[in-house]
Amino acid sequence: MTFSRRDFVKTSVLGAVAAGVGAHSAIPEALAETGQQGHASLADSPKHPIILSANNGYAYVEAAYAFLKGGGDTLDAAIRVVKGPEDDPKDDSVGLGGLPNEEGVVELDACCMHGPTRRAGSVGGVRNIKNVSMVAKAVMEHTGHVMLVGEGAERFAVAMGHARENLLTERSRKIWLLWKESNSDRDWWGPGTADPHWHPPAPESKPQAGVWQERIEHLQQSAADLGIEPEFQLAAVRRVLFPPSGTIHCSALNEKGEMSGITTTSGLAFKLPGRCGDSPIIGAGCYTDQDVGSAGATGAGEENIKVAGAHTIVENMRHGMSPQEAGTDALKRIVRNYNGDMTKLRYMDMTYYILRKDGAYAGVCLWEGYSAGHPHKFAVHDGTLRSEPATPLLKGYSQDWPPMPVVPEDLRKDSEYLK
Ligand code: GLY
């Protein structure tokens, strides 16, 4: 069975509203109360030094914290965290092994801000260079500019001593092939959810669970045929069905009260070549103000750009909001941009990582996670390394773009591929 996003968008009659869409349409009433709960640190005395990171940086935080505690610079500490996933060929959200654009080419984005010297650096759409976090820092330190993109950024990186290398690992190439062969009719061309004429996909005439089970089994077989290792096949299927936007953000605060932030990504999987999301945009993917705090984002880049998320959050804190209130307000602006229309909002997700100058912090997210039992989490180290769940604004689970019929909850819970 072939599903086409354009077919979904253009075809209007396939039956009544799917059960899942109905469930989501009830969600506006479930908007969480601002400040209903906070992380332990908000109640306790904030501590620093402290490092706050997206959870895919967890394994690298301990060493970075030791570096920070030993007097290391805050931006260098944050880069030590994000460089881990950038170097890891198995992390397909960033750097080496990142999922490629629709043409099978890996394009990376990053930006950083150094609080103590109030400087910023950024690169967008960089090919062949894996540590774009360091290249963003080099733009900040070695040029009179803030942002370099594309071929110019790549040539600058080489001039700064970075080696050109093929960033497309065999695993990411096979996932891209799986998408190309089976799902690339559902690409990023055509109007998006923000278009006033966009309609959510029509429901399938067959029972939802059957449609999904068939599709997943077919894709898994294709993954096996392409040589994707058995233990990774369902994860590959998930990436094809729900192209992720990956990304890692890290903010760090030292004992002197200095702070910095960095965000790096391979961006939205199977994007149009040249697409930049929020990660290289100072004020969207990352923002640090030495007087106030630091914030960063992972998730739907297009939505975050429209609310200038990281800058909005820092400004909210400047005007007295707590980290959690500041992040929740930014999430509400995303909801407001869609007039609270859950048939659109369920195709996007966003997590903000927020660190105030006094060491108070919060992680907030639009939805609870991808599925039951898999909440959005972040890593924090203020003397003790731990993972904490981010506080969701909306009850329920996102179903990322591109739009497809709703995955039945029972299948979501049972399916390994959603991990
Ligand atoms: N947040 C990463 C991206 O949308 O590219």
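Criterion first (within 22 Å of Gly246 (Cβ to Cβ), under 20 Å from the mean Cα position of the chain (by Cα) and crowded, with 24+ Cβ neighbours inside 10 Å) does Val105 satisfy it?
Working: within 22 Å of Gly246 (Cβ to Cβ): yes; under 20 Å from the mean Cα position of the chain (by Cα): yes; crowded, with 24+ Cβ neighbours inside 10 Å: no.
So Val105 fails the test.
Considering only the range 157-193, state which residues are open to solvent by 60 Å² or more (accessible area, probe 1.4 Å) and within 24 Å of Thr343 (Cα to Cα).
Trp189, Pro191
Would you mind stating whether Thr288 is in contact with a Gly (Cβ under 9 Å, 6 or more places away or on another chain) and within 24 Å of Val105 (Cα to Cα)? Give the derivation first.
Working: in contact with a Gly (Cβ under 9 Å, 6 or more places away or on another chain): yes; within 24 Å of Val105 (Cα to Cα): no.
When the stated conditions are applied, Thr288 does not pass them.
Condition (residue is within 12 Å of the ligand (Cβ to nearest atom) and modelled with pLDDT of 95 or more) applied to the range 329-338: is it met by at least one residue?
no
Check every one of the helices (runs of 4 or more DSSP H) wholly within the range 154-263 and list those with 1 or more residues that are hydroxyl-bearing (Ser, Thr, Tyr).
Details: elements: 170-182, 208-225, 233-241.
In the range 154-263, 170-182, 208-225 are the helices (runs of 4 or more DSSP H) which contain 1 or more residues that are hydroxyl-bearing (Ser, Thr, Tyr).
Enumerate the helices (runs of 4 or more DSSP H) found wholly within the range 1-108, keeping only those where 3 or more residues are modelled with pLDDT of 95 or more.
Qualifying helices (runs of 4 or more DSSP H): 58-69, 74-87.
Of all residues in the range 301-314, which are within 19 Å of Cys276 (Cβ to Cβ) and crowded, with 24+ Cβ neighbours inside 10 Å?
Matches in the range 301-314: Gly301, Glu303, Asn304, Gly309, Ala310.
Which residue pairs have Cβ atoms closer than 7 Å, lie 6 or more positions apart in sequence or on different chains, and pair a first residue in the range 304-330 that is touching a residue at least 12 places away in the same chain (Cβ under 8 Å) with a second residue that is among the aromatic types (Phe, Trp, Tyr)?
Sorted first by the residue in the range 304-330, then by its partner, the pairs are Gly309/Tyr352; Ala310/Tyr287; His311/Tyr287; Ile313/Tyr352; Val314/Tyr287; Pro323/Tyr361; Gly327/Tyr352; Ala330/Tyr352.
Looking at the range 255-281 only, could you name the residues that are open to solvent by 10 Å² or more (accessible area, probe 1.4 Å), within 14 Å of the ligand (Cβ to nearest atom) and on the phi < 0 side of the Ramachandran plot?
Leu268, Leu272, Pro273, Arg275, Cys276, Ile281
Kindly list the number of the only condition in (1) part of a helix (DSSP H, G or I); (2) away from the ligand (no atom under 12 Å from the Cβ); (3) among the aliphatic types (A, V, I, L, M) that fails for Ile305.
Exception for Ile305: condition (2).
Could you list, in sequence order, all residues of the range 98-143 that are in contact (Cβ under 8 Å) with a residue 60 or more places away in the chain and more than 16 Å from the ligand (Cβ to nearest atom)?
Within the range 98-143, Glu103, Gly104, Met113, His114, Gly115, Pro116, Arg118, Ala120, Lys137 meet the criteria.
The values are calculated or read from the model by the stated rules, or taken from the named source; none is laboratory data. This structure is a prediction, so every number in the text was calculated from the model and none was measured. Because the Cβ atoms are built from the backbone with ideal geometry, glycine has one as well, and the counts that use them run over all protein chains shown. Please note that ligands, DNA and RNA were not included when accessible areas were found on the heavy atoms of the full protein model with its side chains. Shrake-Rupley method; radii C 1.70, N 1.55, O 1.52, S 1.80 Å.
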